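Since the structure comes first, as structure tokens, the remarks are kept for the end.
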Amino acid sequence: MIVKRTLLASVLLAGTALGTTHLAGPAHADCAFENTVPISSLSAGFEAWKSVTDAMAECGNFEAELDQEFRTKQPSAFAADPSLYQIGGVANGTITPLLNEGTIRPLDDLVDAYGQNLSPNQLIRIDGQVMAIAMMVNTQHLMYRQDILDELGLDVPTSWDEVLDAAETIQAAGVVDYPLGGTMKAGWNLAQDFNNMFLGFGGTFVGADGMPNINSEAGLAALDMMQRLTAYMDPEYLVSDSTYVQQQFQQGSIAMANLWASRAAARDHADERQVVGLVDTAAAPRATSDGPPATTLWWDGIVIAANITDEEAEAAFRVAMEGLDTEMVTANNDDAIWLVNGYQPNRLAGGAIATATATPAPSSYPSSSEMGLMHTAIGNQLSAFFTGDLSAEDALAAVEDEYITAAREAGILE
């Protein structure tokens, strides 16, 4: 099955990276049942996933692997027979390979049996079937040091041109090491930052004929803006991912960054005394005056492997529901913008909500087979532009060439 598109749950309108394994002890009194079937999960490693999997572990016989490289490991792990994991943590940008390979199962029967506390906007349907349960929404949006802006008499930037102006003032004042942070690590992160900016400039990834369309005015504008921003970043920006930028904030070395909403709660951890209460959030900056915030909207949630027994699938789903209940959200309210009943938005959720409710609103990340190939090609080729090895036009042409080759091999293009 080639997945053409999945949609972000519409609810937006209404920690530290981990590479570790967490082992569960005996079933905890807070779990509604005692799990007797060995269950394991593979997901990303930010704070929300730790909170969810810790709650799952209360049921017993559960092991969670939290790994920021989960997206590269899941396809082969779930294709194994039996699957190496029963539960997968996915997002609308990472579920596509699992759907295309048929390695996750429809959840309608399990939802009917055990999903009575789920809300409709948590049910991610593909071709009419529930294939995932969304737990939270996410987006990259502006985080900034309010104290620094106040000290320098700066307004919160609403466009990337305004970000550049503010960065110039901050740099001249010398109040931080670098005015900006950026998630521009070569590969997936760099590609995602390009995708955000490209869409912000009105770009479309493929034309009506299915051919790539990024070596265009929007593509050139996106690269130009990204390069101008790097002048105010740590020179090692090509190794900078979300954890790197999170740590820059925590260490007080940057003033602004377009960072994932799922990272916001770490700004106010009690042990981060340098920045507690000082970092605030706003809508992602616009690339053009009349365009949407230059970002994309995402959801994160769980899937259940296809290559497992029905007994394992039932146990995995029940364990997952314990991880996605109101009790978990009440205990970890500020770790995410939850879709689970009981969530109360805090001040750090304001930027994500402002981003999603902007007019015009940003797009959901294009979850499709085509976009998976495009994202990979962008991540493989664009670093050559930032290192000075290729011009903008040549780098974008290299992306298009790689995409065409991959799309033909996948049967998307003739």
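Bear in mind that the values in this text are calculations on the coordinates, not laboratory data. All values reported here derive from a predicted model rather than from experimental measurement. FYI the Cβ positions are ideal-geometry reconstructions off the backbone, even for glycines, and counts take in every protein chain you see.
For the peptides 104-113, 53-62, the ranking by mean Cβ contacts within 10 Å, running from highest to lowest, is 53-62, 104-113. Neighbours of residue 308 by Cβ distance under 11 Å: Lys/Arg scored +1, Asp/Glu scored -1, total -4.
Under conditions of 10 °C and 1.306 mPa s, the stretch 105-242 yields 87 µm² s⁻¹ as its translational diffusion coefficient, taking Rh as the Kirkwood radius over Cα pairs in the Stokes-Einstein equation. All alpha carbon pair distances within the stretch 311-353 were sorted into 5 Å bins beginning at 0; the resulting P(r) in whole percents reads 5, 23, 25, 16, 13, 10, 5, 3, 0. The antiparallel fraction among DSSP beta bridges confined to the chain stands at about 75%. The magnitude of the dipole of the chain, with charges of +1 and -1 set on the Cβ of Lys/Arg and Asp/Glu and taken from the Cα centre, is near 360 debye.
Each residue of the stretch 67-78 was assigned a 3J(HN,Hα) from its phi angle through the Karplus expression (A = 6.51, B = -1.76, C = 1.60, θ = phi - 60°), giving 8, 5, 9, 3, 5, 8, 8, 4, x, 6, 5, 7 Hz with x at Gly and Pro.
For a protection proxy built on the mean count of beta-carbon atoms within 10 angstrom, sort 385-396, 358-369, 130-141 highest first, please. Can you show the working numbers first?
Numbers: 385-396: 15.7, 358-369: 18.2, 130-141: 25.7.
Those peptides, ordered most packed to least, come out 130-141, 358-369, 385-396.
Simple rule: put +1 on each Lys or Arg Cβ and -1 on each Asp or Glu Cβ in the chain, find the dipole, and look at 36, 324, 380; the Cα lying farthest toward the positive end is 324.
Mean residue ellipticity at 222 nm, helices only, the chain: -10500 deg cm²/dmol; runs of at least 4 DSSP H residues each add -39,500 (n - 2.57), and the sum is divided by the number of residues.
Averaged over residues, the count of other Cβ atoms within 10 Å places the peptides 323-332, 194-203 in the sequence 194-203, 323-332, highest first. Charged neighbours of residue 289, selected by a Cβ distance under 15 Å, balance to -3 (K, R count +1; D, E count -1). For the stretch 66-124, the dipole from Cβ point charges (+1 on Lys and Arg, -1 on Asp and Glu) about the Cα centre works out to 160 debye, to the nearest 20. Based on the alpha-carbon gyration tensor of the stretch 257-372 and its eigenvalue square roots a ≥ b ≥ c, which shape applies: rounded if a/c is under 1.5, prolate if not and a/b is larger than b/c, or oblate? Oblate shape, in that a/c is at least 1.5 and b/c is the bigger or equal ratio. The calculated FRET efficiency for residue 80 paired with residue 125, based on their beta-carbon distance and R0 = 41 Å, is about 0.95.
Counting only Cβ charges, +1 for Lys and Arg and -1 for Asp and Glu, the dipole size of the stretch 137-218 around its Cα centre is about 400 debye.
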